[in-house]
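Novice: Take a look at this one; I'll ask things after.
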Amino acid sequence: MHDIFVIGGGINGCGIARDAAGRGYSVYLAEMDDLASGTSSFSTKLIHGGLRYLEHYEFRLVREALMEREVLWKNAPHIIWPMRFVLPHAEGLRPAWLLRLGLFLYDHIGGRKLLPATRTLDMRSDPAGKPLKPIFRRAFEYSDGWVNDARLVVLNARDAADRGAVIRTRTKVTAARRENGHWIVRTEDLRSGAVHEIKARLIVNAAGPWVDRVLAETVGQDAHNVRLVQGSHIVVRKKFDDPRAYFFQNKDGRIIFAIPYEDDFTLIGTTDQDYDGDPRSARISETEIAYLCDAASEYFAEPVRPEHIVWTYSGVRPLYDDGASKAQEATRDYVLKADGGNGQAPIVNIFGGKITTYRRLAESMLDIVEKHLGRKGQPWTAAAALPGGEFEATAFDAEVVKLKAAYPFLEMPLARRLTRLYGTRARVLLGLAKSEADLGRNFGADLYEAEVRYLVDKEWAVTADDILWRRTKRGLKLGKEQKAVLEEFLHGIGPGVRNAAAE
Ligand code: FAD
């Protein structure tokens with residue numbers, strides 16, 4: 001019998017599994033597809049307070065999120081880092097005093113210690129003004145953070161497993177029933193078809209945009225708690241060399257970001273439109289493409305056109321349905337609702353949330369778990385490194401140099417890329433390699449067999465997409481044929497070895 005059964009291997013499910021396992025609960029997590037294959041790899045990838053949410057008076061959420069920026073950066077300085085955002089002042093949109101007020105609050109309510117404060121830029125002389133139209137003469141520059149969202153999920157799962165949690169991917173929860181004060185959860189292995197029944201004392205429903213569907217289909221509760229809101233991004237060849245990102249205000253009151261992405265690209269997003277299909281099928285529409293291109297072209301001197309797009313992705317936000325009229329106004333805060341207790345096995349459902357607040361959400365979930373199952377351990381994740389993140393927040397460059405010194409044959413860009421993805425665990429991946437040849441086959445764009453095997457052995461990777469689009473973003477650099485070669489190689493490794501090996 002497990003204490004906690006977690007449904008869903010997105011950021012919330014994996015964050016809760018990690019926190020709970022670290023406190024001594026026995027945890028079983030089932031994810032029907034790959035880890036982070038739901039909303040958690042389709043975000044804008046910001047660890048941010050959400051300047052825009054201040055306009056909707058979401059002070060609790062903004063403060064909690066702002067406080068998390070430095071906590072998460074310190075815990076995972078390989079996959080999370082500070083980023084400066086340039087917010088041009090545009091005539092006819094929000095007045096400068098309002099932007100200043102928002103940024104003043106941003107600077108002062110969020111426990112900022114390492115991140116630099118807001119400053120004003122003269123865009124006629126600052127390099128940030130160069131790629132923009134000359135009408136933008138003034139801007140504000142402020143701090144937030146950047147996260148590799150899909151890796152944050154996997155590292156939480158890795159740490160949870162290292163602390164004893166069972167993590168099963170490609171495993172769908174198909175039913176759950178209460179029996180003698182506990183749950184019997186039925187799962188199906190979507191690769192082998194094997195069906196299992198697992199006993200647990202409490203269920204956490206962390207199915208993101210599927211949360212209502214899980215309630216209806218597995219527990220038999222008709223529920224309409226979330227509002228599904230699609231958000232899409234476009235990726236274009238890089239529009240600017242500056243390491244700073246842009247925050248653009250649109251004429252409709254929304255905002256979009258243009259962010260330096262994967263060295264050679266610019267990520268532009270996002271949109272907000274109500275959605276009612278299977279979250280897995282969300283795809284960018286022509287209207288969204290036109291919207292993002294037009295909105296960015298209001299600012300960039302060189303317009304962004306659909307033919308510049310090299311990749312797009314769309315995710316579905318599982319927002320708590322607070323009855324807001326517009327999708328962009330629906331709350332971004334999270335709500336945890338428990339059902340059961342008093343002899344009835346409990347289920348706790350998660351509605352809403354942000355990547356940024358996942359750790360705090362997990363702590364709130366553990367408060368509820370404790371009420372039902374009794375206390376086991378203290379909150380511990382605020383000062384605990386995620387796998388590979390065991391170095392000083394400000395020492396990333398030094399870490400790259402150390403890796404290069406230990407493996408002199410590595411070219412600097414590869415040493416940097418491996419440190420960005422794996423931190424100190426890059427050494428586990430590289431093992432005893434003394435030369436490039438020791439890394440095995442090169443699948444293209446410096447993706448070597450050693451890395452692929454590491455991802456299969458330690459990070460539950462099964463398919464080429466798991467590796468190319470979630471564990472890494474090498475998909476941006478590899479062609480169809482190279483992907484087919486990788487897929488065939490993975491086939492050769494054998495499904496039995498894959499996944500199970502990660503534990
Ligand atoms: P998910 O990641 O969707 O995970 C749920 C998982 O449950 C899925 O993997 C699914 O396969 C699995 N599942 C479903 N049903 C079953 C079943 N029956 N059995 C087993 N598994 C099942 N947040 C930020 O902090 N910063 C941002 O910049 C940001 N930008 C965003 C931009 C967009 C466009 C979107 C859509 C969201 C953004 N967010 C951002 C919000 C953030 O991405 C989400 O709140 C978060 O990823 C939700 O995580 P989750 O774990 O709840 O859901």
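The values are calculated or read from the model by the stated rules, or taken from the named source; none is laboratory data. Remember, predicted model here, so these are calculated numbers, not experimental data. All Cβ positions, even for glycine, are placed from backbone atoms using ideal geometry, and neighbour counts span all protein chains on display. Accessible surface is based on the protein model in full, side chains and every heavy atom, while ligands, DNA and RNA are left aside. Shrake-Rupley method; radii C 1.70, N 1.55, O 1.52, S 1.80 Å.
Novice: Name the residue, out of I7, I80, that is touching a residue at least 60 places away in the same chain (Cβ under 8 Å), of a type in the set (V, I, T), touching a strand residue (DSSP E or B) at 6+ places or on another chain (Cβ under 7 Å) and within 22 Å of P260 (Cβ to Cβ).
Specialist: Details: I7 fails: within 22 Å of P260 (Cβ to Cβ).
Within the list I7, I80, the selection yields I80.
Novice: Continuing with this model, one more query. Got a sec? Which of G10, G50 is under 18 Å from the mean Cα position of the chain (by Cα) and at negative phi? Let's see the steps before the verdict.
Specialist: Working: G50 fails: at negative phi.
Residue meeting the stated conditions: G10.
Novice: Looking only at the stretch 103-136, filter to residues that are basic (K, R) and at pLDDT below 95; which one of those is surrounded by the fewest Cβ atoms within 10 Å (Cβ to Cβ)? I'd like the intermediate steps shown before the answer.
Specialist: Keep residues of the stretch 103-136 that are basic (K, R), which gives 112-113, 119, 124, 130, 133.
Then keep just the ones that are at pLDDT below 95; that gives 112-113.
Values: R112: 17, K113: 6.
So the residue we want is K113.
Novice: Taking the options G24, G50, G15, name whichever one is closer than 21 Å to A200 by Cβ and within 11 Å of the ligand (Cβ to nearest atom). So that I can check it myself, show each step before the final result.
Specialist: On the way: G24 fails: within 11 Å of the ligand (Cβ to nearest atom); G50 fails: closer than 21 Å to A200 by Cβ.
After ruling out the rest, the residue left standing is G15.
Novice: Follow-up question, since we're still on this one. Restricting the stretch 142-197 to residues that are in contact with a Phe, Trp or Tyr (Cβ under 6 Å, 6 or more places away or on another chain) and away from the ligand (no atom under 11 Å from the Cβ), which is farthest from V348 (Cα to Cα)?
Specialist: Y142
Novice: Please work out which residue is farthest from the chain's Cα centre (by Cα), limiting yourself to the stretch 193-224 and to residues that are surrounded by fewer than 16 Cβ atoms within 10 Å (Cβ to Cβ) and under 24 Å from V153 (Cβ atoms). Step through it out loud before you land on a result.
Specialist: So the first thing to find is which residues in the stretch 193-224 are surrounded by fewer than 16 Cβ atoms within 10 Å (Cβ to Cβ), and the list is 193-197, 199, 213, 216-217, 220-222, 224.
This time we only want the ones that are under 24 Å from V153 (Cβ atoms), so: 196, 213, 217.
On the way: H196: 29, R213: 22, E217: 26 Å.
Top of the filtered list is H196.
Novice: Of all the strands (runs of 3 or more DSSP E) wholly in the stretch 231-332, which have at least 2 residues that are within 14 Å of the ligand (Cβ to nearest atom) and either assigned by TED's automatic domain parsing to the domain that holds D33 or small (G, A, S) (or both)?
Specialist: Values: elements: 245-249, 255-261, 265-269, 309-320.
Those strands (runs of 3 or more DSSP E) span 309-320.
Novice: Check R317 against each of (1) in contact with a strand residue (DSSP E or B) (Cβ under 6 Å, 6 or more places away or on another chain); (2) basic (K, R); (3) under 28 Å from Q378 (Cβ atoms) and name the one condition it does not meet.
Specialist: So the condition that R317 fails would be (3).
Novice: Hey, another quick one. Quick one: would you say A200 is in contact (Cβ under 8 Å) with a residue 24 or more places away in the chain, under 18 Å from V27 (Cβ atoms) and near the ligand (Cβ under 10 Å from one of its atoms)? Show your work before the answer.
Specialist: Numbers: in contact (Cβ under 8 Å) with a residue 24 or more places away in the chain: yes; under 18 Å from V27 (Cβ atoms): yes; near the ligand (Cβ under 10 Å from one of its atoms): no.
Taking the combined requirement at face value, the residue does not satisfy it.
Novice: Turning to a different aspect of this structure: Just to verify a result, which residue in the stretch 460-481, among those that are part of a helix (DSSP H, G or I) and farther than 23 Å from R416 by Cα, is least open to solvent (accessible area, probe 1.4 Å)? Don't jump to the end; show me each part of the working.
Specialist: First pass over the stretch 460-481, keeping only residues part of a helix (DSSP H, G or I): 464-471, 474-476, 480-481.
Applying the additional criterion that residues be farther than 23 Å from R416 by Cα yields 480-481.
On the way: K480: 184, E481: 156 Å².
Residue satisfying both the conditions and the ranking: E481.
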